[in-house]
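Contents: one structure, followed by commentary.
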Amino acid sequence: MLFGFQDVFVRPFSSQDILKVSSYSSRIQYRTLVKYPSIQKVRRNSWQCCQEAIEKDTSWPENPDNLENNFQPNTKVIKAGHNPKEWTTDPLGRSFVNPPVYHASTITFPTVEAYREAAKDYPFTGLWYGRHGTPTAWALEEAFATIEGGYKACAVASGVAAINAALLAFLRSGDHVLMTDAVYDPTRSFCEEFLKRFGVEVTYYDPIISGEELENYLQNNTKIVFVESPASLSFEIQDIPMISKVAHKHGAIVVMDNTWGPTLFQPFQCGVDVSINAATKYIGGHSDLMLGLIACSQETYRSVKLSVKSLGCPPGPDDCYLALRGIRTLAVRLKQHEKNALVIAQWLEQQPQVAKVMHPALVSHPQHELWKRDFSGSCGLFGFQLKRHYSQRAVDNMLNHFKLFSMGFSWGGFESLILQTNIHSVRSIRKWNLQEGITLRIHAGLEDVNDLIKDLKQGLERLEKSNQS
């Protein structure tokens, strides 16, 4: 519930309603929108809301050793990794708000004794060599570990580097990894082209697997169960707590790609051991950096850190700085992406050209209840499927003439994107039938949702006309 006097009207949208929504979008509450189909009117006084929240909140201890772990997500992204005194030397205690950008390769040591002392902790603490971290990278790692709820984190040069480093930290020849069949395609490629070549057995499983079925997949040599929720391209929600429980019972660790839900899903509370985020996307937020982050439990951190050291894939200091800046606005950006995406998804559900919309926050989504249980919100990324009779030529014509939706890889920036997806080509367990209709993926950016709907409306009209000609 947002603070302030609010009128919240919720009912199934018509296209006219959708095009008017931005004029009062700040008053539409996401949870109410999802849960209640009938009209509801809610008035709350802002001070009463705030006072009630404070009185009910018992999460802050009297003398907390680590108060930031008790902050709400919006506060965590502001305060996490924010230690001005560590990067400022001033006799009066003054400090910069943001850390400086350290460009470094060689680190010098004043004495042989200092060199030997530093070697004892390498690569886990302190300065050693630029490839192994600078204060800029450390601030980012601390911030990410905090918002994920992990012990510590490692920063690397890309999201793919983060995935690869996490897998290689725990796998060797003769081991077995269970990989969700709905995994990000570069992760599948790494399994097929690299892990298998070096003697690691890879088995793919249905992302909506049951506990009993998962038990049957696990082997004595299974070291990792890899999860991604929502699923790449098809957006199934996995039962992460159940999967973690079963995996741990058999001595396997759970590694998760949590790129879709930074701050929205708390992986370590659900039993995950290693959480990966392609910070290229929402954490960066502006489509101008390449970065990967790996948050770890206390038990897994050492192995991941050594893997990152051996692979030699450090992030650039400027990218670390941009990502750290992006974290500070992450919560407010995600809220707007979420609002725009939900409005667009509901509008698409009502269009005659659309067979189904794959957005876990919609009540029509098969795993909607799992999403409500485990996630605190959603982002701007979802998919939809056209009805089967639309030709590839008609879809191409629709895509070629959008004014606001661009075509391109990645997502998480301020701009809206649309891309045809080929789910059928990257599935091996539960086949996706291409004959059921062409699928597309949308990233709802930060533009006015009225304009985005108009652009999509014209696109669907082009689709219809092209299919008839």
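The values are calculated or read from the model by the stated rules, or taken from the named source; none is laboratory data. The structure displayed is predicted, hence computed values, not measured ones. As a convention, Cβ positions derive from the backbone with ideal geometry for all residues, glycine included, and neighbour counts pool all protein chains shown.
For residue 299, the conditions (1) acidic (Asp, Glu); (2) within 23 Å of residue 459 (Cα to Cα); (3) over 19 Å from the mean Cα position of the chain (by Cα) are fulfilled apart from (2). For residue 91, the conditions (1) surrounded by 10 or more Cβ atoms within 10 Å (Cβ to Cβ); (2) more than 30 Å from residue 265 (Cα to Cα); (3) at pLDDT below 85 are fulfilled apart from (1). For segment 347-383, a residue qualifies if it is closer than 22 Å to residue 281 by Cβ and acidic (Asp, Glu), and exactly one does: 374. Applying the criterion of being out of contact with any Pro (no Cβ under 9 Å at 6 or more places or on another chain) and assigned to a strand (DSSP E or B) to the residues of segment 331-361, the residue that is surrounded by the most Cβ atoms within 10 Å (Cβ to Cβ) is 357. Considered as a group, the residues in segment 305-328 that are of a type in the set (A, V, I, L, M, F, W, C), out of contact with any Gly (no Cβ under 9 Å at 6 or more places or on another chain) and surrounded by fewer than 21 Cβ atoms within 10 Å (Cβ to Cβ) include one that is nearest to residue 150 (Cα to Cα), and that residue is 306.
Here the condition is being among the small types (Gly, Ala, Ser), surrounded by fewer than 15 Cβ atoms within 10 Å (Cβ to Cβ), touching a residue at least 24 places away in the same chain (Cβ under 8 Å) and assigned to a loop (DSSP other than H, G, I, E, B); of 378, 428, 364, it holds for 428 alone.
Residue by residue, here is whether (1) assigned by TED's automatic domain parsing to the domain that holds residue 236; (2) not in a helix (DSSP H, G or I); (3) not hydrophobic (A, V, I, L, M, F, W, C) holds:
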| site | (1), (2), (3) |
| --- | --- |
| 388 | no, yes, yes |
| 394 | no, no, no |
| 397 | no, no, yes |
| 404 | no, yes, no |
